[in-house]
Amino acid sequence: MAEMKRGANVALTREIPGLAGLVLGMRWNAGAERVLEDSLVFAAVLCGADGRARSDRDFVFFNQLASPDDSVRQPEPALDGDQEQIEIDLPSVPPEIDRVVVVLYVNESPGQRRTLGQLRSCTIRVLDARDRRELVRSEELARAFRDETAVVLGEVYRHGGDWKFKVLGQGYSKGIAGIAADYGIPL
Amino acid sequence: MTPDPATAAPRPDLTFLRHRARPRPSAPSAAAQFVAGRGPHPQHPHPAAPAAPAPAPAPTPAPAASASLDLSAPAAPAPAAPAPVPPAQAPASLDLSAAPAPSPAPAPPRQRATHRDRRLSAGQQQLLTLKAPTVTLTRVQSAIGHLDIEAVCSPEVGDLRLGAAYQLAGGESSTVQHAGGTRFAPPASRRPVIVAGHDEYENLRLDLRQVQRLERMAVYAFSESRAPLRWGGTLVVTTFGGARIELPLEGLYEGTVAVLMSIYDLDGELVIRAEMETISGDVREAARAYGYDRITWRDDRLPVA
C-alpha cells in the first residue's frame, strides 16, 4: 500500500470490513546514537471528546502496559520486526474515548540531551492484528525533525461509526512535557 | 449482573483474556502496611528498625494473593458486596476487573484498605512527616523524565553530604555519593540509573527511563569530617512535573550519619518514605541497618569499588 503523507488519513474499518484489532508498529534508526536509542519511548494516549486523557491511567507505555479497560496495550517484546508496538482492540475501546494518539519521545535523562533530529529514519505503520499484514505505512518522518524531543506520530480516531487512522508527525520542542500539557496527561 | 466467572461461558472473542490476567485487588497486605508507613518493605525488612507495634492481625478475609501487589486498588475497588450493575453499562464496558480471576467464596465485607495512599499532582507540594511518611507516585510520574533529590541545607548544619545505598533489579548493590565516593550507579555505567552531584546543594538524580532497573534505594546524609551535624534544612524531591516532596531534617538525633528517606519500586510505582533515623557508626552501618547486606566494604564509609 502507498505511503501516507503527514495529514493523510485512511478509513480503516470501512475499507477493511471486520477489522477489529490493530497493531501500530514503530520503526526507527538512531544510527550510532546509543544514548538516543536508549532514551526513546513509544507511548499511546487515550483521549476523550475534548482531546484529553481522563487520567494518568490513559497513558500506555513501558511502565504501564495497558489502559484500564485493556483496549490499548503495549506488548513486550514487539513482534513483526518493529521496535515497539501498540495494540488496539477497537470494540473494547470505551465509548467516551474518541481517539488513541501515539507518540514518540526522548526521555530527558540526567545530563544527556538528544533530539529527534538525530534520527536517520522514523516511520509508523498499521497492521491487521489477525494476520499481522501491513495495511498502511507513513512516509519517512525523520527528515522534518530538527531539535524536537517528542512527536505525535498519528492517531486512530472515531469518524461516524468507523475508525480512521491519520498520520500527524507533529513535533514538540518541549518534549513529552509539551505533549502532556496538550493532551492532559498528569505528570 | 456480572456472570460468575466460575460458570460463565468462555469469551473467545476477547483474545486478551486468554493470555493476560489482571491481578485482583488484595486485602490489606504487607505492601499496604509498608505504604502506610506501618511496616517494613515486604521483601526488605530492615533489621535495625524496631518492629512497629503491629495492630492485632485482622482475620484475613480471603486467601490474599500476596504475590500480586496491586496498589492501584483505589482506582478499581472491588465492590464488597455484589452490587447490581446498571444494565446501561454492561454492553459497552466490560468489567474486566471482575471477570478473569476466579474469586473465592463471597467474603465478609472487606476491611477498607487502611493505608493512606497519598498521591501527588503536578506543581503540588507535600510534606513528609513521621505521621504521614509516604507518598506514592503514579506509574507515569515514576517513569517519565528524572527525579531529583536535593539536600537544601545551610552551612550551619555542617559539612553534610548526601548519598544513597541502592539495589538494582539484577541484585547489584552499592552506594553512590558525590563526596569521595562513586558518582554513578551502577559504577562506570554509560547509562547510570542514579547520578550523585553537587550544584548549589548536594543532590541525587534518577533517570526514570530506567526506573525498572531500580529495586530500592536509601538516601543517607553524613558528615564528611565525621563531626556531629547540627541537623536542619530540608530534603527536597522534585518530580518531572514540578511537584515537590519535602522532608524537614530537624528532629534527627545528633550524630554523624542518618538515613533520611527510602524509595522503593513497588509494581511500577515509586513509594517515597521518610525514614529519619540517626545511625551510630558510619555509612556502612546505615546501609546494613536498612538491609543492604549485599554490599562489601572497603571501610566504614566506602564499598569495595
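Convex hull of alpha carbon positions in region A:51-123: directionally averaged projected area 6.6 nm².
Working note: Cα atoms of region B:154-230, range along each principal axis, descending, whole Å: 38, 22, 18.
From the alpha carbon gyration tensor of chain A, can you work out the equivalent ellipsoid semi-axes (sqrt of 5 times each eigenvalue) and give them in Å, largest to smallest?
Values for chain A, descending: 25, 19, 15 Å.
With a 10 Å cut-off around each Cβ of B:140-149, the average count of Cβ atoms from other chains is 6.
Here's the list of lysines a cross-link from A:LYS164 could span, going by alpha-carbon distance under 18 Å and ignoring same-chain residues fewer than 8 apart: A:LYS5. Based on the Stokes-Einstein relation at 20 °C and a viscosity of 1.002 mPa s, and on the Kirkwood radius from alpha carbon pairs, region B:125-289 is assigned a translational diffusion coefficient of 137 µm²/s.
Note on A:ARG54 and A:ARG113: the model spin-label points, each 7 Å out from Cα along the C-beta direction, lie 3.8 nm apart.
Between A:ASN29 and A:LEU65, the contour length at 0.36 nm per residue exceeds the Cα-Cα span by 10.6 nm. Averaged over the residues of B:186-198, the number of partner chain Cβ atoms lying within 10 Å of the residue Cβ comes to 2.
Between A:HIS159 and B:ALA188, the distance separating the two model label sites (each 7 Å from Cα on the Cα→Cβ line) works out to 5.7 nm. If R0 is taken as 22 Å, the Cβ-Cβ distance between A:GLU3 and A:ARG132 corresponds to a FRET efficiency of 0.70.
Per-peptide packing, taken as the mean over residues of other Cβ atoms within 10 Å, places B:123-133, B:176-186, A:159-169, B:259-269 in the sequence B:259-269, B:176-186, A:159-169, B:123-133 from highest down.
Per residue of A:69-81, what is the mean number of Cβ atoms on other protein chains within 10 angstrom of that residue's Cβ?
The shielding value for this peptide is 2.
Using the Cβ-Cβ distance between B:ARG294 and B:LEU127 with R0 set to 51 Å, the FRET efficiency from 1/(1 + (r/R0)^6) comes to roughly 0.95. For region A:97-138, the set of trypsin sites (Lys or Arg not before Pro) satisfying both a DSSP loop assignment and a count of at most 14 other C-beta atoms within 10 Å is given as A:ARG113, A:ARG120, A:ARG130, A:ARG132.
Quick note: the coordinates plus some simple rules give every number you see, no bench work behind them. Please read all numbers here as calculations on a predicted model, not as lab measurements. As a convention, Cβ positions derive from the backbone with ideal geometry for all residues, glycine included, and neighbour counts pool all protein chains shown.
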